[in-house]
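The values are calculated or read from the model by the stated rules, or taken from the named source; none is laboratory data. Please read these numbers as outputs of a predicted model, since none were measured by experiment. When we count neighbours, we look across all protein chains shown, and the Cβ atoms used for this are built from the backbone with ideal geometry, even at glycine. Side chains are part of the model used for accessible areas, which takes the heavy atoms of the whole protein and leaves out ligands, DNA and RNA. Shrake-Rupley method; radii C 1.70, N 1.55, O 1.52, S 1.80 Å.
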Amino acid sequence: TSRGFGFDVGSARLAAGAPLMYGMAADGCGLRLGRGLYRHVPWKLVDVLDIQAQLLLSNPCDTTAGITDYARLVTAVADFVSRQNPRIEIVTQVSLRATPPERASAAIDAVSSKVDGVYVAFPTRAARTRCTYCTRRDLRILLEYVRGRGPGYWLRAAAMSSSPPSTTNDVPVT
């Protein structure tokens, strides 16, 4: 059981098919925002929220969810959380794991007015994670796009691995 901020995550045992934090289905690309656990978090105690809904952008979900559902989820959660805590910093996450950089860029466009920035998840080869678009070229395309949005747009890029990053995948982020 993980306990934090007065929200007992362990007590929220999920049955098969139950929605997760933001109402996303644990076993697929479905979305039921009204059932998300995010509605029960004491957001006034939180400084930064990273909305991890990048599965909706992935190749397996693109035909059933895609950018429209991603934007709908990010917008709904950001609006709800901002009403609870106007000072919270909200970022959304995109990943190149199963999402091409062009789709990730379009998703960023769809939510840029609702979030303070974007977190780019780029699993390294050292993470031994299947990663369709984890190439230097694809990361460069996405980073150049985000950087081109202007100096006021916040960007965090991280290698999602507890292992040292692979030198063949590393692209300097400055």
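A few notes on this one:
- Evaluation of Ala71 against (1) in contact with a Lys or Arg (Cβ under 9 Å, 6 or more places away or on another chain); (2) in contact (Cβ under 8 Å) with a residue 60 or more places away in the chain; (3) aliphatic (A, V, I, L, M) (one fails), failing number: (2)
- Looking across the stretch 58-117, just one residue is in a helix (DSSP H, G or I), open to solvent by less than 10 Å² (accessible area, probe 1.4 Å) and either among the hydroxyl-bearing types (Ser, Thr, Tyr) or in contact with a His (Cβ under 9 Å, 6 or more places away or on another chain) (or both), and that is Tyr70.
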